[in-house]
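Following: one structure in C-alpha cells, then a few remarks.
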Amino acid sequence: MDSIIIQSGPTLNGKVRVSGAKNSSLPLLFSTLLAPGAHKFSNVPELKDITSTAELLKSLNCGFSQKGNDVEVLVEDAKNPEAHYDLVRKMRASVLSLGPLLARYGFARVSLPGGCAIGARPINLHLEAMEKMGATIKIVDGYVEAKADKLKGTVISFDGVTVTGTENVMMAAVLAEGETVLENAAKEPEVLDLANYLIKMGAKIQGAGSSIIKITGVNALKPSTHKVMADRIEAGTLLIAGAITGGEVEVVGIEPVLIAALTQKMSECGFKFSIQKDSIKVHALSKWHGADVTTAPYPDFATDLQAQYMALMTVAHGTSIISETVFENRFMHVTELMRLGADITPKTKIAVVRGRPGGLVGAPVMATDLRASASLVLAGLVAKGETKVSRIYHLDRGYEKLEEKLSSLGAKIRRVN
Ligand code: UD1
C-alpha cells in the first residue's frame, strides 16, 4: 500500500492548474446511462473514483475509454440494469446510477451503499422522491429495487439539502411524464454542470444552481459532448497549501466565485488574494489569525474543505471553533492532527482548535477519508521533520496528481510503496 512522505521546510510558490471536478465527473458519467450512443467528455480527472465508475458502466454493457483527461462512454442497452454491491461499496456515488437506470429501463437494482467514515449517509431522500414520482421501491437483500413503468412529474420538496439526491432525482425526471419541481434542491455548482450536460442531451431544465429546479420530461435524449468544470475543492486545497507554508501560490483555471466562502474566511484570518477571471493567488503571510467557521451547503463554506481549513488553523495565532453541520462524524482527522502536535478539543459537532504557530512536528499518521488525507498532507508541509501519511488510497480517489502539483510548487513530497 502506498504512503506519502513529506519533509517540512520549503515555502510553496508558483502557479498550478486545477483539474476537472471529481464531484462533477461522477454524475456526468452516470448521466450517460440515459441515452444510447457515444458521449464525450474532456477535463475528466484521472482518479480512482473514475476507474470505479468505469467498472460500473462496463458492467452495464457500456464501452469506456479514457485517454488522459478525455473520456468516451459508449452506451448500449444493458441486459440487467443492476449496480452490484462489489462496485457500489468501493464508491458510494455509484448510487447515482439509480435515477438514470430507473428512468430509462423502468427498473433498477442498485446496492445500498452503507455508511462510511464520515457518517451514516442514508439515501432516504433519493428514494422518497422517486416514490413520489410513482416508483415502487423495495429493499431486498441489501439492494434497492425500484420499478416504474413511467415516472410521473410532481413537486418534490427535499427535507434536507442533498447533492447527489438532487442529481439523482433530476436525472430520473428528465425522461418522466410531465413537470417535476424540485424544492430545496442543492445549489452546488456541480448540480448546474450536470444540468448543462442534460440540456445538451435534449433535456428541459430550468433553475439548476438555485434551490428550485423545474424539469419537463422529454421522450428521449441524445449523447453530446462536455467539458467538466474545475474542481473547487482541489483549488481550495492548493490555496491552503500555499497559505500554510507562508508562500504565494496562484491557482489557475478556477472561477474565483466558486471558492468565495473559503477566500472570505481566509481574508478574516489576514490573507490577501489577487483575483482574476479564472485564477486566484494567495499572497505570502508569515502570521495569520484563527477564524471560526461553520460548514453548510453551497454557497456557504464547503464541508469538503473543513479538514484542510482545520490544518491551517492548527498553526494560526489564536483559537478557532470549527462547526460541522453537514455530516455527523467528520472529525476523523482531528486525532491524527493531534499526533502531529495540534491542540484540538473535539466535541460532537464542533472542534476547538488552539493554534500553535510553528508547533507541529512530523510523525506517521493515517488517512481516514479523502479530505482528511488532504488535511494531513497540508499539516505535513509545516510539521517539523518528516511526516508519513499512510492509507493514501483515499487521496487517490479524489485528487489528481497531488504530489506532482505540490512538488512543482516546491514541496518535498514523495510516494513510497
Ligand atoms: C456530496 C459530495 C460530497 C460532499 C457532500 C456535501 C459527491 C459525489 N459527493 O455527497 O463530496 O461532502 O455532497 O457537500 O458529489 N442525507 C440524508 N438522506 C439522504 C441524503 C443525504 O440524510 O437521502 C444527509 C447526509 O447523511 C448528510 C447530508 O444529508 O448528512 C448531506 O449529504 P449529501 O449532500 O447527500 O452528500 P452526498 O451527495 O452523498
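The values are calculated or read from the model by the stated rules, or taken from the named source; none is laboratory data. Predicted, not measured: the structure shown is a model, and the values here were computed from it. Every residue, glycine among them, receives a Cβ derived from its backbone with ideal geometry; neighbour counts consider all protein chains shown.
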Note to self: Can you tell me which condition S94 does not meet? The list is (1) at positive phi; (2) touching a Phe, Trp or Tyr at 6+ places or on another chain (Cβ under 9 Å); (3) small (G, A, S), and all the others hold.
What the structure shows: (1)
Check: Tell me, which residue of the range 1-54 that is of a type in the set (V, I, T) and either touching a residue at least 60 places away in the same chain (Cβ under 8 Å) or in a strand (DSSP E or B) (or both) is farthest from A241 (Cα to Cα)?
Finding: T32
Margin query: Checking the conditions here, which among A185, A203 is surrounded by 15 or more Cβ atoms within 10 Å (Cβ to Cβ), more than 15 Å from the ligand (Cβ to nearest atom), under 25 Å from the mean Cα position of the chain (by Cα) and without any contact (Cβ under 8 Å) to a residue 40 or more places away in the chain?
Written below: A203
Note to self: Residue pairs, Cβ under 9 Å, 6 or more apart or interchain, first in the range 214-231 and free of Cβ contacts under 8 Å to residues at least 40 places away in the same chain, second in a loop (DSSP other than H, G, I, E, B) and not polar (S, T, N, Q). List them.
What the structure shows: K214/G207
Notebook entry, point to check: Looking only at the range 10-54, which residues are within 16 Å of the ligand (Cβ to nearest atom) and surrounded by fewer than 21 Cβ atoms within 10 Å (Cβ to Cβ)?
Noted result: K48, T51, S52, A54
Item checked: Filter pass, L87 being farther than 21 Å from R121 by Cα and touching a helix residue (DSSP H, G or I) at 6+ places or on another chain (Cβ under 6 Å) -> no
Notebook entry, point to check: S65 passes all but one of (1) polar (S, T, N, Q); (2) out of contact with any strand residue (DSSP E or B) (no Cβ under 8 Å at 6 or more places or on another chain); (3) without any contact (Cβ under 8 Å) to a residue 24 or more places away in the chain; which number fails?
Noted result: (2)
Check: Condition test on D304, is it within 21 Å of F271 (Cβ to Cβ), at pLDDT 95 or above, in contact with a strand residue (DSSP E or B) (Cβ under 8 Å, 6 or more places away or on another chain) and not aliphatic (A, V, I, L, M)?
Finding: no
Notebook entry, point to check: Somewhere in the range 350-359, is a residue under 13 Å from D2 (Cβ atoms), buried (at least 19 other Cβ atoms within 10 Å of the Cβ) and either out of contact with any Cys (no Cβ under 8 Å at 6 or more places or on another chain) or of a type in the set (G, A, S) (or both)?
Noted result: no
Next item on the list: Working only within the range 385-417, note down all residues that are assigned to a loop (DSSP other than H, G, I, E, B) and over 25 Å from R92 (Cα atoms).
Entry: G385, L409, G410, A411, N417
Next item on the list: Could you give me the residue pairs with C-beta distances under 9 Å whose first residue belongs to the range 147-162 and is closer than 25 Å to D304 by Cβ and within 16 Å of the ligand (Cβ to nearest atom), whose second residue is among the acidic types (D, E) and in a loop (DSSP other than H, G, I, E, B) wherever it lies, and which are 6+ apart or on separate chains?
Entry: V161/E188
Notebook entry, point to check: Can we say S375 is at pLDDT 95 or above, part of a helix (DSSP H, G or I) and surrounded by fewer than 22 Cβ atoms within 10 Å (Cβ to Cβ)?
Noted result: no
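Regarding E177, is this residue touching a Gly at 6+ places or on another chain (Cβ under 7 Å) and surrounded by fewer than 20 Cβ atoms within 10 Å (Cβ to Cβ)?
Taking the combined requirement at face value, the residue satisfies it.
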Item checked: Unique residue being at pLDDT below 95, surrounded by fewer than 22 Cβ atoms within 10 Å (Cβ to Cβ) and not polar (S, T, N, Q) when the list is E404, E328, E386, E400 -> E328
Note to self: So the check is Cβ under 9 Å with 6+ separation or different chains; which pairs have a first residue in the range 359-376 that's under 13 Å from V334 (Cβ atoms) and within 14 Å of the ligand (Cβ to nearest atom) and a second one that's assigned to a loop (DSSP other than H, G, I, E, B) and polar (S, T, N, Q)?
What the structure shows: none
Checklist line | Residues of the range 204-228 satisfying the condition of being touching a strand residue (DSSP E or B) at 6+ places or on another chain (Cβ under 7 Å) and among the aliphatic types (A, V, I, L, M) | finding: I205, I212, I213, I215, V218, V228
Next item on the list: From (1) among the aliphatic types (A, V, I, L, M); (2) assigned to a strand (DSSP E or B); (3) crowded, with 21+ Cβ neighbours inside 10 Å, pick out the condition that doesn't hold for I137.
Entry: (3)
Check: Residues of the range 261-317 being surrounded by fewer than 22 Cβ atoms within 10 Å (Cβ to Cβ) and part of a strand (DSSP E or B), which ones?
Finding: F273, S274, I275, S279, K281, H289, T294, T295, H317
Check: Would you pick out the residues in the range 323-350 that are more than 15 Å from the ligand (Cβ to nearest atom) and either in a loop (DSSP other than H, G, I, E, B) or under 18 Å from L378 (Cα atoms) (or both)?
Finding: V334, T335, E336, L337, M338, R339, L340, G341, A342, D343, I344, K347
Next item on the list: Considering each residue of the range 295-313, count those that are under 23 Å from V382 (Cα atoms), more than 10 Å from the ligand (Cβ to nearest atom) and of a type outside the set (A, V, I, L, M), and give that number.
Entry: 2
